[in-house]
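Presented below is the structure to which this report refers.
Each value in this text was obtained by applying a stated rule to the coordinates, not by laboratory testing. Treat the numbers as computed from the prediction; the structure is a model and nothing was measured. Counting neighbours? That spans all protein chains shown, and the Cβs are built from the backbone with ideal geometry, glycine included.
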Amino acid sequence: MDNTEKTLILIKPDAVKNSQIGKILEMYEKNNFNILAMKMIWMNEKLAAKHYEEHIGKEFYTRLVDFMTSGRLVAAVLQGEDIINRVRKLHGCTDPSKAEAGTIRQLFATDKTHNVVHASDCPETANKEIHIFFSEAEIFDN
Ligand code: GDP
Ligand code: MG
């Protein structure tokens, strides 16, 4: 059993503006995802480029960065068994019109850009993304 796996989540500016922080955190807690670190930040273009490096140059990149830098967001580190896959399942498909019933994106997202939440997609990405937003001292890992 791997209880040590960690992932980075972001509650994006649309969800913060729509007062959905509490509802989203409640869904993590109801799923017994352990919250090890959390902060509110306002992304700038440089931070967005670091976090979304793999998408630089894609058709939607400018829209994505404009959105991600449009307001404050909440970043958190979650921990648990198979947490990377379980969080992505709870978030639902990137395109909310295709997201499964009961997922966070199906419940709260507007479109493919304004889709409420981010989650790391594999252990290597999780490790990179966690350390973009948090120092080791900010992660309460016992
Ligand atoms: P995720 O891992 O499900 O967040 O999806 P990706 O890593 O593929 O894309 C990162 C983010 O870029 C998504 O969450 C969306 O906000 C945005 N994005 C991805 N694909 C598209 C697209 O085709 N159109 C638009 N407008 N935004 C997209
Ligand atoms: Mg992704």
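Observations on the structure shown:
- Sites counted here are GluC sites (Glu not before Pro) in a DSSP loop (not H, G, I, E or B) having no more than 15 other Cβ atoms within 10 Å; the longest part of the chain that contains none of them is 1-58.
- Lys/Arg +1, Asp/Glu -1 at C-beta; the range 1-126 dipole; positive extreme among S19, H114, M40: S19
- Each stretch of four or more DSSP H residues adds -39500 (n - 2.57); spread over every residue of the chain, this sum gives -10500 deg cm²/dmol at 222 nm.
- Within the chain, longest stretch clear of exposed trypsin sites (Lys or Arg not before Pro) (DSSP loop, no more than 15 other Cβ within 10 Å): 73-142
- Largest GNM mean-square fluctuation among G71, G57, G102, using the chain with Cα springs under 10 Å: G57.
- Largest-first ellipsoid semi-axes for the chain, taking √(5λ) over the Cα gyration tensor eigenvalues, angstrom: 21, 18, 14
- Inter-label distance for S19 and T62, nm, one decimal - labels placed 7 Å from Cα along Cα-to-Cβ: 3.5
- Label-reachable residues, the range 103-120, where backbone N falls under 11 Å from a point 7 Å from D95's Cα toward its Cβ: 112
- About its Cα centre, the dipole of the chain is roughly 500 debye, where the only charges are +1 on Lys and Arg Cβ and -1 on Asp and Glu Cβ.
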